[in-house]
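Take a look at the structure set out below.
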Amino acid sequence: MAKTKKVVQFTATDIKEELLKKYPPKVARKRAKQIMINEATEAEPAPEIVANVRTIPGIITMRGCTYAGCKGVIMGPTRDIVNLVHGPIGCSFYAWLTRRNQTDAGTDGENYMPYCFSTDMQDQDIIFGGEKKLEAAIQEAYDLFHPKGIAVFATCPVGLIGDDIHAVAKKMKAQFGDCNVFAFSCEGYKGVSQSAGHHIANNQVFTHLVGENEVAPEGEYKINLLGEYNIGGDGFEIDRVFKKCGITNIATFSGNSSYDQFASAQHADLSCVMCHRSINYVADMLETKYGIPWIKVNFIGAEATAKSLRKIAEYFGDKKLIDRVEAVIAEEMPEVLAVSEDVKTRTNGKTAMMFVGGSRAHHYNELFQEMGMKTISAGYEFGHRDDYEGRQVIPDLKVDADSRNIEEITVVADEKLYNPRKTPEEIKALEDAGYEFKHYDGLNPDMDKGSIIIDDLNQYEAEKLVELLKPDIFCAGIKEKFSIQKLGVPMKQLHSYDSGGPYAGFKGAVNFYKEIDRLVNSKVWSYMKAPWQESPELTGKFVWE
Ligand code: SF4
């Protein structure tokens, strides 16, 4: 197929108008507030974007449900807690290892991730109630595996019929004595998106697990890594780099995590936040209750990794660590630079679109920049305004009915364990030197002026964007994978990485460069034939013709 690449003649305003044209006026008005042209100037910040609001009924969203965020994203990567889904089997299957979270089963061999535990609710359970069935399922899981913990997840029907999963969990926990059973009211409909599920999951992890292990793990420069999910082995690569630097990662929330890691998190001296959206509130709670400060980091991109390592070293302020980090960066970077220089000869100037997650669309910007590529349009599935515009907007965020659906837990300084890791003077000295705690600028400042930022992109808009702007690569999730590829554009999943990864850290950057190079320069698209090109009796043409 001789595919003529579209010559892009549209301005960002034209694109926005085109995207909205097909909608009824009321829908168009709502969507217009979620589609933003990035027009920040020196004097004025970028315009406000509406985010974290319900998808308009009838629109095929890219989002997942609240249960998916709780069970699939946050608790899914934890290997030694039995994840028992109370609901129909479809919900269990949907959230079962679909994100390719990897784990190291450790020396105890306790790894329940390959299993799919479900109460498999049937019609009679909906009519007569499912609590007895849930009780029996918890008992069965306990008898078979004797795990340290059993987590119970509510799905939509459970909320509708009113099963009290917390009462059942409490009863079983008391009955067992040696197994922590706790539950999550994370019914799929409970929030706007999977973001609500992240919050519900993290609140329960903080309430039921953090602080349980009194003995501090050994190691120097102890940190927690929050919002890293070990997809395709990202967490393994980050841990490899930490180890090389002499940094002890006590707990990752929640990639390659275990019960004991969560239970020991209060022993860290610094929290490092990767995915701001899914976990920034845990970092705040760790600070309030235990006195652990937090910083934003990013290990997606070689330069970003180096910057984050230096930031950690600067926090501890120990010359031994600072020198070690510099030595590791000096050792790792030559390979990264050699590959990026090579791929850049083929990727420079190519364009990407990214619609993923609550931080991924931002993090991967760095990797594309390192390849000389430009992100022309991006957005989040479940981001909030602060993920776009930066944390300074948090005080202005409206608390709506959906936000009130999520339990707010009140955290105060722990009488015994609160221990500020740095004095106010030390914090101030670091800040005076330009160090930023609890800081995140969001996606918008890193996007080019005039680029299009879209919250909660949907199927129709995705196809329209590809038709109009013809990017060299489109990044999103499995739901978009094949519809985009059918348009003749390579599609890379950035939730599950297709079958690739890791893409984090130094080795991950090299993997990503090579993979994207292959995708954007593949000839496979030119061999695709549309039916009318092979059968003369048919007529048709591509949208860009
Ligand atoms: S929306 Fe409800 S029914 Fe669907 S997967 Fe989520 S919890 Fe299950």
- If we ask which residues in the range 220-234 are touching a Ser or Thr at 6+ places or on another chain (Cβ under 8 Å) and at positive phi, their number turns out to be 4
- Query: Picking from Ala401, Ala433, which residue would you name as being in contact with an Asp or Glu (Cβ under 9 Å, 6 or more places away or on another chain), more than 20 Å from Asp284 (Cα to Cα) and loosely packed, with under 15 Cβ neighbours inside 10 Å?
  - Reply: Ala433
- Query: When the range 243-260 is examined, which residues are found to be surrounded by 24 or more Cβ atoms within 10 Å (Cβ to Cβ) and in a helix (DSSP H, G or I)?
  - Reply: none
- Query: Cβ-Cβ below 6 Å, separation at least six or inter-chain, first residue in the range 67-94 and crowded, with 23+ Cβ neighbours inside 10 Å and at pLDDT 95 or above, second assigned to a helix (DSSP H, G or I) and of a type in the set (Phe, Trp, Tyr): which pairs?
  - Reply: Ile81/Tyr259
- How about the range 84-161: which helices (runs of 4 or more DSSP H) wholly inside it have at least 1 residues that are more than 15 Å from the ligand (Cβ to nearest atom) and of a type in the set (S, T, N, Q)? 123-128, 131-145
- Message: Among the residues of the range 65-83, what is the count of those that are away from the ligand (no atom under 12 Å from the Cβ) and either within 22 Å of Gly477 (Cβ to Cβ) or assigned to a loop (DSSP other than H, G, I, E, B) (or both)?
- Response: 9
- Task: Scan the range 186-221 for residues that are in contact (Cβ under 8 Å) with a residue 60 or more places away in the chain and in a loop (DSSP other than H, G, I, E, B) and report the count.
- Result: 10
- Task: Could you tell me whether Thr375 is over 15 Å from Tyr513 (Cβ atoms), in contact with a Lys or Arg (Cβ under 7 Å, 6 or more places away or on another chain), at pLDDT 95 or above and not assigned by TED's automatic domain parsing to the domain that holds Asp269?
- Result: no
- Message: One residue is enough: does the range 41-52 have a residue meeting the conditions assigned to a loop (DSSP other than H, G, I, E, B), out of contact with any helix residue (DSSP H, G or I) (no Cβ under 6 Å at 6 or more places or on another chain), surrounded by 14 or more Cβ atoms within 10 Å (Cβ to Cβ) and not assigned by TED's automatic domain parsing to the domain that holds Tyr497?
- Response: no
- Filtering the range 43-64 down to residues that are within 16 Å of the ligand (Cβ to nearest atom) and aliphatic (A, V, I, L, M), which residue is nearest to Phe182 (Cα to Cα)? Met62
- Task: Test each condition in (1) in the same structural domain as Arg54 (by TED's automatic domain parsing); (2) buried (at least 17 other Cβ atoms within 10 Å of the Cβ) for Lys422 and report the one that comes out false.
- Result: (1)
- Task: Being of a type outside the set (Ser, Thr, Tyr), surrounded by fewer than 24 Cβ atoms within 10 Å (Cβ to Cβ) and not in a strand (DSSP E or B) narrows it down to one of Arg240, Arg277, so name that one.
- Result: Arg240
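The values are calculated or read from the model by the stated rules, or taken from the named source; none is laboratory data. Everything quoted here is computed from the prediction, not taken from an experiment. Backbone-built Cβ (ideal geometry, glycine too); neighbour counts: all protein chains shown.
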